[in-house]
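Notes for the one structure printed next.
Taken together, the values in this text are just the output of simple stated rules run on the coordinates, not laboratory data. All values derive from a computational prediction rather than experimental measurement. Glycine also receives a Cβ, built like all others from the backbone with ideal geometry; neighbour counts cover every protein chain displayed.
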Amino acid sequence: MKEILMNAIERFNEKCREDEKLRNELKDVSKKVNIEIIDDKNYHFILKNAMISDFDEGVIEKPDITIISDRETMNGLMKKEISPFKAYATGKIKIKGSLMDLLRLKEFLR
């Protein structure tokens, strides 16, 4: 799971470097994000100035956003086998955070 998430972070950061509109949307954003995999380890990262950094195992205290799912669903999301909307609508992924925060992370979950 860690390698799959690292690849998703690399894709997200590359998209931010290439996509000026996305970069401008996220340039002043600073968010702490936890990813809780209920049947695996937990992970965290920081989204700051249109880049994800500080990815590691474990959780950050007082996160702005928490993504909760199982390994199979997260794997499917990262491999684009299931859409974020379908995963959310079917309850396979739960996200705690503001609607604006969720919209900011949509590119990560694609």
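The table that follows gives values for the structure above.
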{"quantity": "Lone qualifier among ASN13, ASN34, ASN7 - being surrounded by 14 or more Cβ atoms within 10 Å (Cβ to Cβ), in a helix (DSSP H, G or I), under 13 Å from the mean Cα position of the chain (by Cα) and of a type outside the set (D, E, K, R)", "calculated": "ASN13"}
{"quantity": "Of all residues making up the stretch 93-106, the number that are assigned to a loop (DSSP other than H, G, I, E, B) and either aromatic (Phe, Trp, Tyr) or under 16 Å from ILE4 (Cβ atoms) (or both)", "calculated": "0"}
{"quantity": "Residue match in the stretch 67-82 (condition: among the hydroxyl-bearing types (Ser, Thr, Tyr) and part of a helix (DSSP H, G or I))", "calculated": "yes"}
{"quantity": "Selected residue (criterion: farthest from ASP19 (Cα to Cα)) from residues of the stretch 42-80 that are among the acidic types (Asp, Glu) and touching a helix residue (DSSP H, G or I) at 6+ places or on another chain (Cβ under 8 Å)", "calculated": "GLU57"}
{"quantity": "Of all residues in the stretch 21-31 being of a type in the set (D, E, K, R) and part of a helix (DSSP H, G or I), the one that is surrounded by the fewest Cβ atoms within 10 Å (Cβ to Cβ)", "calculated": "LYS21"}
